[in-house]
1. How large a share of the accessible area of the chain, in percent, is made up of carbon and sulfur atoms when the probe is 1.4 Å and the other protein chains stay in place?
2. Can you tell me how region 185-322 classifies by the Cα gyration tensor, rounded, prolate or oblate, using a/c under 1.5 as the rounded cut?
3. Which log10 I(q)/I(0) values, to two decimals, does region 246-286 give at q = 0.15, 0.27 Å⁻¹ under the Debye formula with one point per Cα?
4. Against the longest alpha carbon principal axis of the chain, how many degrees, from 0 to 90 and to the nearest 10, is the axis of helix 122-134 turned?
5. Highest first, please rank the peptides 219-225, 39-45, 3-9, 199-205 by the mean number of other Cβ atoms sitting within 10 Å of their residues.
6. Counting only other residues whose beta carbon sits under 11 Å from that of residue 346, what net charge do I get with K and R as +1, D and E as -1?
7. Under 11 Å from the Cβ of residue 386, count the other residues' Cβ atoms, weight Lys and Arg +1, Asp and Glu -1, and hand me the total.
8. Can you give the % of DSSP beta bridges in the chain that are antiparallel, to the nearest 5?
Amino acid sequence: MRANPGGEIAPSEVFGRDKLIQSLWRSLERQSLVLSAERRMGKTSILKKMRAEAPADKLPVYRDLEKVRSPLEFAQTIFEDVEGYLSRSQQTAAKARQLLKNLAGIEIGSVVKFPDNVAQQWKTLLSKTIEDLVEHQDSTVIFFWDEMPLMLDNIKKREGESAAMEILDTLRSLRQTHSELRMVYTGSIGLHNVLTYLKRAGYANRPTNDMKTVDVPPLSPADAQELARRLLEGESIDTDDLQGTAQAIATAVDGIPYFIHHIVDHLVQEDDTVNVAMVDEVVNSYLIDAQDPWDLRYYRERIDTYYANDEKQLVLNLLDILAVTNQPLPFDELFNRLQSQLSNADRERARDVLTLIQQDRYISLQPEGYYFRFPLIQRWWQMQRC
């Protein structure tokens, strides 16, 4: 294997995810999924591997929705994907085409562009499009929608909260209507962030309560070490202790594959024999680099984007406290430290915010208390803020 820092990983080279993927296929036999994870965990690589290696009785349809900014664009995107699959058997999305012809009053050619004057009918167009695909398949249709939360956030900003709410409600209705239809939502921001905004705007529905939420964790210690070892060997990097160096790489970046690829790619440039000590030096160089090649500032900047003004300072104070602790902090001790910084801190508000930053994977909770989930991010937070 060769290091591929930030590039697209071929399905055959997605390492250490077979057991997780088997579990996902098993879950999809019963219901749709929300695939939840911190960025850099390889969610997109997992989706593309599943698409490439899908069982014969599954029809996977993958799409990155990052650039979609309106419900009509979403309906158009799904129409294009459905037509692409139906064309393989010399078919078209006939119901959607006929509806569009009736709505727009125009002849529909081989290339279809939804005109703006049908924007109010996007739900019907979307429903007819999905019907066209489901009714022509003996397989279970699975839409793998990457960056789904980002699309919803884009729509919310451009067309308002109600438009994003309608998207979620329409998709839930389609899942209930078609028993052989599945959807997989995933993305680099949590769906809960978008839902929190919508709830503040009065959205009371639970649009994903029929879906199973699955967390994508880092690689297991054994798989992370094996990935690092294979990359070291694949790049012909001379080490004084191959296994020890591989273990040091895996441990230093918490088993996150993206960072493992980056470190090995960096070590290719070393003139000397690589040793364990070099690994920590390389990691530190990335953590303090002003150019931020790992884009770690994202962990600070997204707080401004996804937390309300009255929450931001509370989030920052809580993370600052946890960043400098070497062991989990029970709530009472954590809150006491918080009060020393924010004298007007409210206990219940602090509990609510701790739940939110758990969902955003900054921290975890175990019986002993709260702690930073990823030591790598904790180190960066210490260097930058504490």
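1. 43 percent
2. It comes out prolate by the Cα gyration axes.
3. So the normalised log intensities are -0.28, -0.96.
4. Roughly 90 degrees between the two axes.
5. In descending order of packing, they fall as 39-45, 219-225, 3-9, 199-205.
6. For residues surrounding residue 346, the net value is 0.
7. For residues surrounding residue 386, the net value is +1.
8. If I count the DSSP bridges inside the chain, around 20 percent turn out antiparallel.
The values are calculated or read from the model by the stated rules, or taken from the named source; none is laboratory data. All figures in this text were calculated on a predicted structure; none of them were measured in a lab. Cβ sites come from the backbone with ideal geometry, for glycine too, and all protein chains shown count toward neighbours. We work out accessible area using only protein heavy atoms, side chains counted, and drop any ligands, DNA or RNA first. Shrake-Rupley method; radii C 1.70, N 1.55, O 1.52, S 1.80 Å.
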